[in-house]
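The values are calculated or read from the model by the stated rules, or taken from the named source; none is laboratory data. Predicted model, so just to flag it, every value in this text is computed and none were measured. Quick reminder, even Gly has a Cβ in these numbers, built from the backbone with ideal geometry, and neighbours come from all protein chains shown. For accessibility, only protein heavy atoms count, side chains too; no ligands or nucleic acids. Shrake-Rupley method; radii C 1.70, N 1.55, O 1.52, S 1.80 Å.
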Amino acid sequence: MLFALAAAAPPALAATFCVASNIALDSALEHFDDDDEDTTIRIRQGSYFIQGSTNQQSSDLTIVGGYTDAACEFRSLDPSLTVLRPSGGGDSIELHAKNLNLESLTLRDVARNVLLVARGTTFSNGRMTLGRVRFEGPATIGNWLIGEEVFLSQVLVQHSGSAGTTTFGNCALSIDGPADDDDSVVVQHSTIVNNPDKGLCVNPRTGIDDREYALSIDNSIIYGSPLDLEIGDTSRWGVRNSTYASFATEIGSVVPGSGNNLTTNPLFVNPGADD
């Protein structure tokens, strides 16, 4: 009887959109927000304005840029070819989903903050995956990623956050949410540079409490900020084959599981021109 019921169960709902205009993008995001189904939005190359935000915690959202054809079948991986900005004088971009995946996108001219949240219903960890995503500021209160599992690959963050004392911690990129030993944050092949205060912060603004989530930073450049790296709430973290000049931790001062790192200038071609 159980086998018969399983066979008769309907497949999970899913929707895929191919968009080439602001109207189409807003419509696809509104569909995701209003309908209880996983949604994939494929965006053709160009510059777009996002209106409003999403607030859906029971379905997955995937947004992929760089498509070149009307059917959204072929694309370039270059994130600079698909640019998202806040619309209508807005100052933020906010996306909430159960699991959130972004690929080949540039988030630009965001005055206040980018807030990306992967958080499912109770007892369900949210996973966030960012691949080839650029955060280009100014995002005066930073770019925030919230999820129990966060995976970053080839992510660029620059000119974000603000110097001085603020309520939000001055981090260009904050990763928040991992709370226990089955949660993890992975940063690979990423560049977080030239920010006015702190570069990368993981679980910032927290008390001294070892939650034992796992943090791995590999093959990345985190450099050119007054404080490049700040880690809170775990002793299970390591940095390997990376460049960073300064760091602070809440639990201990030794970098566990780390090695083969540099603290020297990465010698970019022309950092003044973001090259």
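Report every pair of residues separated by at least 6 positions or lying on different chains whose Cβ atoms are under 8 Å apart, first residue within the stretch 68-86 and aromatic (Phe, Trp, Tyr), second in a loop (DSSP other than H, G, I, E, B).
Phe74/Thr68
Going by what's in this entry, would Ser225 be described as at pLDDT 90 or above, over 20 Å from the mean Cα position of the chain (by Cα), open to solvent by 10 Å² or more (accessible area, probe 1.4 Å) and within 28 Å of Gly272 (Cα to Cα)?
Working: at pLDDT 90 or above: yes; over 20 Å from the mean Cα position of the chain (by Cα): no; open to solvent by 10 Å² or more (accessible area, probe 1.4 Å): yes; within 28 Å of Gly272 (Cα to Cα): yes.
Against the criterion (at pLDDT 90 or above, over 20 Å from the mean Cα position of the chain (by Cα), open to solvent by 10 Å² or more (accessible area, probe 1.4 Å) and within 28 Å of Gly272 (Cα to Cα)), Ser225 does not qualify.
Kindly indicate whether Gly257 is modelled with pLDDT under 95 and assigned to a strand (DSSP E or B).
Here the answer is no, as Gly257 does not meet what is asked.
Looking at the stretch 118-140 only, could you name the residues that are among the β-branched types (Val, Ile, Thr) and either in contact with a helix residue (DSSP H, G or I) (Cβ under 8 Å, 6 or more places away or on another chain) or modelled with pLDDT of 95 or more (or both)?
Result: Thr129, Val133.
When you look at Ser190, is it of a type in the set (Ser, Thr, Tyr) and either surrounded by 19 or more Cβ atoms within 10 Å (Cβ to Cβ) or at pLDDT below 90 (or both), yes or no?
So Ser190 passes the test.
Identify all residues within the stretch 133-153 that are open to solvent by 10 Å² or more (accessible area, probe 1.4 Å), touching a Gly at 6+ places or on another chain (Cβ under 6 Å) and not in a strand (DSSP E or B); write none if there are none.
Glu148
Can you list the strands (runs of 3 or more DSSP E) found entirely within the stretch 6-98 that contain at least 3 residues being buried (at least 21 other Cβ atoms within 10 Å of the Cβ)? Break it down stepwise before answering.
Values: elements: 14-19, 38-44, 46-50, 61-67, 82-86, 92-97.
By residue number, 38-44, 61-67, 82-86, 92-97.
Could you list, in sequence order, all residues of the stretch 251-267 that are open to solvent by 60 Å² or more (accessible area, probe 1.4 Å) and closer than 19 Å to Leu227 by Cα?
Answer for the stretch 251-267, where residues must be open to solvent by 60 Å² or more (accessible area, probe 1.4 Å) and closer than 19 Å to Leu227 by Cα: Ser253, Val254, Leu262, Thr263, Thr264, Asn265, Leu267.
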